[in-house]
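The values are calculated or read from the model by the stated rules, or taken from the named source; none is laboratory data. Quick caveat: nothing in here was measured; it's all calculated off a predicted structure. With ideal geometry, Cβ positions are generated from the backbone for all residues, glycine too; neighbour counts draw on all protein chains shown.
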Amino acid sequence: MKKDITLHAKWLIKAPLTEVFNIMTDFEKFPLHFPKVAESIQIVKREGNYLKMNATVKSFGQKFPVKMKTEIIPLKGFISDNESPKFGTSGHEELLLSLSKEGTMINYTYQVAIHKRWLRIVAGPLIGWFSMKYWQKAVIDELRKRLEK
């Protein structure tokens, strides 16, 4: 059984790219901006645009510790390798921004490796469909409320 899932979506935010970038890369304020997905994020090491962070994220009604190794790409977004042993996943996340006539396009991809056998059984529909719908509601819709005029 395949253990990797690729999640992908694009969203338009009717706001300037710099405003979207500033919120989406202010990781320590993620719990303030997006409390449905992040309980806490602490930067434990910073070298230029490279960050190592410890996060407590919320998913499927549970809280999970996640270790993140993230590179901020100035005015483009970020890429991050994330590991959550408790949930049994690791992944490569990319949130990339581009200019659009109407504002800022967010191109989001998350490649998830599922390490727990029991989770692989339900992973496709559960993680694939539900996660992106939830992320849109908890992050993208909140971003739109904050930035779109």
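Please enumerate the residues belonging to region 4-63 that are among the polar types (S, T, N, Q) and either over 19 Å from G77 (Cα atoms) or assigned to a strand (DSSP E or B) (or both).
Going residue by residue through region 4-63, those that are among the polar types (S, T, N, Q) are 6, 18, 22, 25, 40, 42, 49, 54, 56, 59, 62.
Once the filter is applied, which keeps residues that are among the polar types (S, T, N, Q) and either over 19 Å from G77 (Cα atoms) or assigned to a strand (DSSP E or B) (or both), region 4-63 yields T6, S40, Q42, N54, T56, S59, Q62.
Just checking, which of K69, K86 is outside any loop (DSSP other than H, G, I, E, B) and over 19 Å from M132 (Cα atoms)? Give the derivation first.
Details: K86 fails: outside any loop (DSSP other than H, G, I, E, B).
Going through K69, K86 in turn, the sole match is K69.
For I43, state whether it is over 24 Å from D141 (Cα atoms), β-branched (V, I, T) and touching an Asp or Glu at 6+ places or on another chain (Cβ under 7 Å).
So I43 fits the description; yes.
Taking interchain pairs and intrachain pairs at least six residues apart, which have beta carbon atoms under 6 angstrom, with the first residue in region 105-134 and over 11 Å from I5 (Cα atoms) and the second modelled with pLDDT under 75 and not in a helix (DSSP H, G or I)?
Hits for this filter: H115/G88; K116/G88; L119/G88.
Collect the residues in region 18-59 that are of a type in the set (A, V, I, L, M, F, W, C), more than 14 Å from the chain's Cα centre (by Cα) and surrounded by fewer than 19 Cβ atoms within 10 Å (Cβ to Cβ), keeping them in residue-number order.
L32, I43, V44, listed by residue number.
Let's see how each residue does on (1) hydroxyl-bearing (S, T, Y); (2) modelled with pLDDT of 95 or more; (3) out of contact with any helix residue (DSSP H, G or I) (no Cβ under 7 Å at 6 or more places or on another chain):
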| residue | (1), (2), (3) |
| --- | --- |
| D4 | no, no, yes |
| I13 | no, yes, no |
| E19 | no, yes, no |
| V37 | no, no, no |
| K45 | no, yes, yes |
| K58 | no, no, yes |
| F64 | no, no, yes |
| D81 | no, yes, yes |
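So if I check each of G103, G88, G124, which one is surrounded by 13 or more Cβ atoms within 10 Å (Cβ to Cβ), closer than 24 Å to K10 by Cβ, modelled with pLDDT under 90 and of a type outside the set (A, V, I, L, M, F, W, C)?
Sole residue among the options that is surrounded by 13 or more Cβ atoms within 10 Å (Cβ to Cβ), closer than 24 Å to K10 by Cβ, modelled with pLDDT under 90 and of a type outside the set (A, V, I, L, M, F, W, C): G124.
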